[in-house]
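Contents: one structure, followed by commentary.
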Amino acid sequence: MDLSNSQMDDFYRHFRISGMFHCFTGPGAWSVGQGLFGDTSPASDFMDPEKNILMAIVRWVEEGTAPETIEGMKFVNDTNSLGVEFLRKYCKFPLRNTYDGL
């Protein structure tokens, strides 16, 4: 494809997930709704399109609202029952996250 990033924005989004190994785990906030790694109970925000990449795509297709960011979670010892260690918000390519020391 010979399209600019702005031309692809209508149909394509790419999010780099810093610190995620292939598909899941790793030192980063890698849980973005893939699989059933988070709390999937009705009381959780698992279906929130801001925190679940699949739900973000569903919202884009059904409501026309494309994702600008996606929030990732890192669980303590990569075990969801131990709770969330930290969160990171990832932006769409070509933008990129930078460490600000906090």
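Quick look at the values:
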{"quantity": "Relative exposure of 14, 22, judged by other C-beta atoms within 10 Å (fewest first)", "calculated": "22, 14"}
{"quantity": "Residues 47, 1 arranged by fewest to most Cβ contacts within 10 Å", "calculated": "1, 47"}
{"quantity": "Local electrostatic count at residue 93 - Lys and Arg +1, Asp and Glu -1, tallied over other residues with Cβ under 11 Å", "calculated": "+3"}
{"quantity": "Relative contact order, percent, the chain [alpha-carbon distance under 8 Å, six or more residues apart]", "calculated": "25"}
{"quantity": "Whole-Hz ³J(HN,Hα) from phi, Karplus 6.51 cos²θ - 1.76 cosθ + 1.60, for the stretch 72-79, glycine and proline x", "calculated": "x, 10, 10, 8, 4, 6, 6, 10"}
{"quantity": "0 to 90° range, to nearest 10: angle between helix 53-63 axis and the chain longest Cα axis", "calculated": "40"}
{"quantity": "Cα gyration tensor category, rounded, prolate or oblate, for the stretch 13-91 with a/c compared to 1.5", "calculated": "oblate"}
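The numbers here are math on the coordinates, done by the rules we state, and not lab data. Fair warning: this is a prediction, and the values are worked out from it, not measured in the lab. FYI the Cβ positions are ideal-geometry reconstructions off the backbone, even for glycines, and counts take in every protein chain you see.
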